[in-house]
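The values are calculated or read from the model by the stated rules, or taken from the named source; none is laboratory data. Just so it is clear, the model here is predicted, and its values are computed rather than measured. Note: ideal-geometry Cβ built from the backbone for every residue, glycine included; neighbour counts use all protein chains shown. For the accessible areas, the whole protein counts, side chains as well, though only heavy atoms, and no ligand, DNA or RNA atoms are used. Shrake-Rupley method; radii C 1.70, N 1.55, O 1.52, S 1.80 Å.
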Amino acid sequence: MKIQSLAGNWNFRQTGTQEWLPANVPGGVHTDLLALGLIPDPFVGDNEKRVQWVAENDWEYFRSFQVNPEIFDQPQVWLVCDGLDTLATIYLNGVELGHAENMFRQYRWDVKPLLKTNNNELRINFDSPVRFCTDHQSVRPMPGVSQAIPGGPYLRKAPCQFGWDWGPQLPPMGIWKDIRLEGYENARIEEVALRQDHDDGRVTVSARVILHNPENTPCSAALTLIAPDDQVFETSTPVIPGVGNILKVEVPNPQLWWPNGYGAQPLYRVKVELRQADLLLDERQYRLGLRTIELRQKPDEWGISFTFVVNGVPIFAKGSNWIPADSFPTRITDAHLEGLIRSAAETHQNMLRVWGGGFYEDERFYDLCDRYGILVWQEFIFSCSMYPLDDPAFLENVHNEVIDNVRRLRHRACLALWCGNNEMEWGWVDWGWNGSEYQAMKTAYDQFFHHTLPAWCAREDPDHSYWPSSPSSNTPFENPNGQQQGDAHYWDVWHGRKPFTAYRDQYPRFMSEFGFQALPPLATIRTYAEEADWNMTSYVMEMHQKNSSGNSLIVGQMLDSFRFPKDFESLVYLSMVLQAEGIRYGVEHWRRYPNRVSGTLYWQLNDCWPVASWSSLDYFDRWKALHYAARRFYAPVLLSIEDKPTEQDIHVTNDLREPWEGSVRWSLETLGGRVLQANEESVSVAPLDVSHICALDFSDSLDDDLCRDVVFIAELWQGGKWISRQTAYFAPAKHLNLTEPAISSQLRVEQGQIHIKLTSQSLARLVECALDGADVTFSDNYFDLPAGRSVEIAASIPTGWTIAQVQAALKIRSIYDSYAHGAAKS
């Protein structure tokens, strides 16, 4: 195979205008206009509104090229478009090649008869997605997302690009993936299906190879498997035209791939070659992790389990929900993408749910998940709306989309599950969709997600489980958020305004969505709001809050827990620690019941633009307080406290594959550090289990006044080494008699890391450390610091900084500083 890229410099223009402007491919209309200074940055202020005209119009892309001789001389030459967004008509040298109407598909056209050696002209016309959707919606209205441009479900395009309750209405248009010429001899590889069979410590890797070989050219196929230690396993066979040719190699001592926290992630290199004698006709290359995976659903005392099992080991899924990392996906750099996945892994996450309102991610994403040990709950792209599933043309379009993406991803070590959609079954049950006017669409939904789509998946990928919807009980239209079987989404704390304690009433078999919003860090707010707009109810702040009641929900819950903040900066800080505390409360509860609850995926990991949202990482990859909390509440060995009005129960959860032994030291202390009661308890926890260490009742020791002056502290120790600390209280933070904590800091630099030792004279709640003028990620942040104890945190020292500069820039705040007058301490 020979390849000639057609990416790079193109020209574009609005249809009906004369002037061609420079463009970059892959790219899109918005990013090309932005690069030329022809539109304002849509992420600043209310500029989102000022660029709506872009997607309401049609656009054209054009380039001329000459064909490389090695391509031109090939018997077969194809134009391959990996991603056209979305309604496109393609012309080569004045001849229409065809139409595209699905951004998730690869399109290929035979262009050999049309090519010239020089002066080839390629033009792609893009029709307005907004006009298409609104026209279809006006003919046949369908319920959808209230924050979105209506009619999005009629188009196979990322739903969230039309707007969501965390995302702007900025539907891109353009050539969003690679575009190229591919030249072949008379045969090429059409499809490779890799499978692995594990038996008694040995693994057989097979490759089913299907060819495009219209002239039945005699050729052979070879399979090569290269282990991480460079050991080679290979085989070859003559190819029989018209059938799937299967090649197999056996790996006698396989190195198994494990999810993050359960073992290593060795990846084997796989190469499939097609040859005619000594001539290489085509090849495919893959990375393969050897592992088994199943979704185990077995009857138990609570109903039916929902547990992912890897290499025979039940996994507690610790993770979050993934959305597209930018509203304009061609701007997602390798560094940005890896930073997000690495940040998930660094907080002990082992699963990401690729949510059905975005898009199927590109190879970089799955490469990173393979490398970092992140399992992927992969949804098909349907979300929160009705879709025209009774339209045969729509179904055929989706069928090709499913084939493309299942074949592309089925070999991935990270792939855990195929899921039909996001929240659509829930919509039919509880969102008022079940009226008589929609019964035909309900029948079409039932047929598609419970019969057609699982059959397509089973045919293309028999090795991974299919799940019809999230949430679902796997019984159509019955109790999709039930606690006996299936997965659940729990939103009563956010949308229902219940307290965080309501999480403890929930015992889902698998919690695949729950969340609470926060503002992003102030440095991020500065990118879209002038200081004059720093008010929760200002026009600009509400433009960057896409949930209609979001800011009031944040403030309402905030005032249940904390005193009214003294300024906007304190409000930003409180919103982040509030979010962290709420999600911590839920996750710690569910991790105390691993035999009943098999996973928690909080909503959401990341953002697509700078906004107030449920994310733990903001648009610029800055760690919010929630992300630091995730590093603690997702730790492999978790110390947690189940606090009740005057009782404190201590639990230790062990996700390791080996037993854990140590001790818990607990104390009841005044906020100033005077010890009232203390003890030490031995700890022994079996693998993949939890132990209830002790239950303590302080009702005889506390009265209404003293409860505001004390803290319960539990510390986990092993071999004389402090592992972790938890604190619990007998009154809300707003009622505690906190005093100036007088936190002192000692700094040292070691191997490019700045180490900061913090000590407090009295209890400091939810201590935040930051460096003014620099973005740094600390080893820990937003933690409680009891009186007389020290905590040492570290971070990479900013390039070129001295220790004196770090000391001058260090800003420390705690809950006390959010209401007491006076600047945060440095």
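The range 282-358 holds strands (runs of 3 or more DSSP E) entirely within its bounds, and those carrying 1 or more residues that are open to solvent by less than 10 Å² (accessible area, probe 1.4 Å) and touching a residue at least 40 places away in the same chain (Cβ under 8 Å) map to 307-310, 313-315, 317-322, 351-354.
Every residue in the range 229-239 that is surrounded by 11 or more Cβ atoms within 10 Å (Cβ to Cβ) and without any contact (Cβ under 8 Å) to a residue 12 or more places away in the chain, please. Within the range 229-239, GLN231 is the sole residue that qualifies.
The residues on offer are GLU768, GLU792, GLU715, and the sole one that is surrounded by 19 or more Cβ atoms within 10 Å (Cβ to Cβ), farther than 23 Å from PHE562 by Cβ and charged (D, E, K, R) is GLU715.
Comparison of ALA625, ALA612, ALA635 shows that the only residue that is closer than 18 Å to SER724 by Cβ, small (Gly, Ala, Ser), crowded, with 23+ Cβ neighbours inside 10 Å and touching a residue at least 24 places away in the same chain (Cβ under 8 Å) is ALA625.
ALA795 fulfils the conditions (1) assigned to a strand (DSSP E or B); (2) under 18 Å from SER724 (Cβ atoms) except for a single criterion, (2). Restricting attention to the range 140-149 and to residues that are surrounded by fewer than 21 Cβ atoms within 10 Å (Cβ to Cβ) and not hydrophobic (A, V, I, L, M, F, W, C), the residue that is farthest from VAL51 (Cα to Cα) turns out to be ARG140.
The sole residue among LYS49, LYS2 that is open to solvent by 70 Å² or more (accessible area, probe 1.4 Å), within 28 Å of the chain's Cα centre (by Cα) and of a type in the set (D, E, K, R) is LYS49.
In this structure, does GLN718 turn out to be of a type outside the set (A, V, I, L, M, F, W, C), within 34 Å of the chain's Cα centre (by Cα) and in the same structural domain as GLY673 (by TED's automatic domain parsing)? So GLN718 passes the test.
Going by what's in this entry, would THR235 be described as within 19 Å of ASP278 (Cα to Cα), not aliphatic (A, V, I, L, M) and not assigned by TED's automatic domain parsing to the domain that holds GLN106? In short, yes. Among the residues of the range 529-544, those that are more than 16 Å from VAL555 (Cβ to Cβ) and open to solvent by 10 Å² or more (accessible area, probe 1.4 Å) comprise GLU530, GLU531, ALA532, ASP533, TYR539, VAL540, MET543.
Got a sec? Which of THR86, THR15, THR117, THR31 is modelled with pLDDT under 95, of a type in the set (S, T, N, Q) and either open to solvent by 40 Å² or more (accessible area, probe 1.4 Å) or touching a Phe, Trp or Tyr at 6+ places or on another chain (Cβ under 9 Å) (or both)?
Sole residue among the options that is modelled with pLDDT under 95, of a type in the set (S, T, N, Q) and either open to solvent by 40 Å² or more (accessible area, probe 1.4 Å) or touching a Phe, Trp or Tyr at 6+ places or on another chain (Cβ under 9 Å) (or both): THR117.
Kindly check whether there is at least one residue in the range 482-505 that is among the polar types (S, T, N, Q), part of a strand (DSSP E or B) and at pLDDT 95 or above. The answer is no, given that none of the residues of the range 482-505 is among the polar types (S, T, N, Q), part of a strand (DSSP E or B) and at pLDDT 95 or above.
Annotation: PRO645 fulfils all but one of (1) surrounded by fewer than 22 Cβ atoms within 10 Å (Cβ to Cβ); (2) part of a loop (DSSP other than H, G, I, E, B); (3) of a type outside the set (A, V, I, L, M, F, W, C); (4) at pLDDT 95 or above; the unmet one is (4).
Mind checking which residues of the range 660-688 are charged (D, E, K, R) and not in a loop (DSSP other than H, G, I, E, B)?
To start, the set of residues in the range 660-688 that are charged (D, E, K, R) comprises 661, 665, 669, 674, 680-681.
Matches in the range 660-688: GLU661, ARG665, GLU669, GLU680, GLU681.
Checking each residue of the range 433-440 against the condition of being assigned to a loop (DSSP other than H, G, I, E, B) and in contact (Cβ under 8 Å) with a residue 24 or more places away in the chain gives at least one match.
Comparison of TYR819, TYR782 shows that the only residue that is surrounded by fewer than 21 Cβ atoms within 10 Å (Cβ to Cβ) and either assigned by TED's automatic domain parsing to the domain that holds GLU669 or hydroxyl-bearing (Ser, Thr, Tyr) (or both) is TYR819.
One residue alone among ASN102, ASN125 is closer than 18 Å to ARG63 by Cα and of a type in the set (S, T, N, Q), and that residue is ASN125.
Of all the strands (runs of 3 or more DSSP E) wholly in the range 1-74, which have at least 3 residues that are not hydrophobic (A, V, I, L, M, F, W, C)?
Filter on the range 1-74 gives 2-5, 8-14, 59-65.
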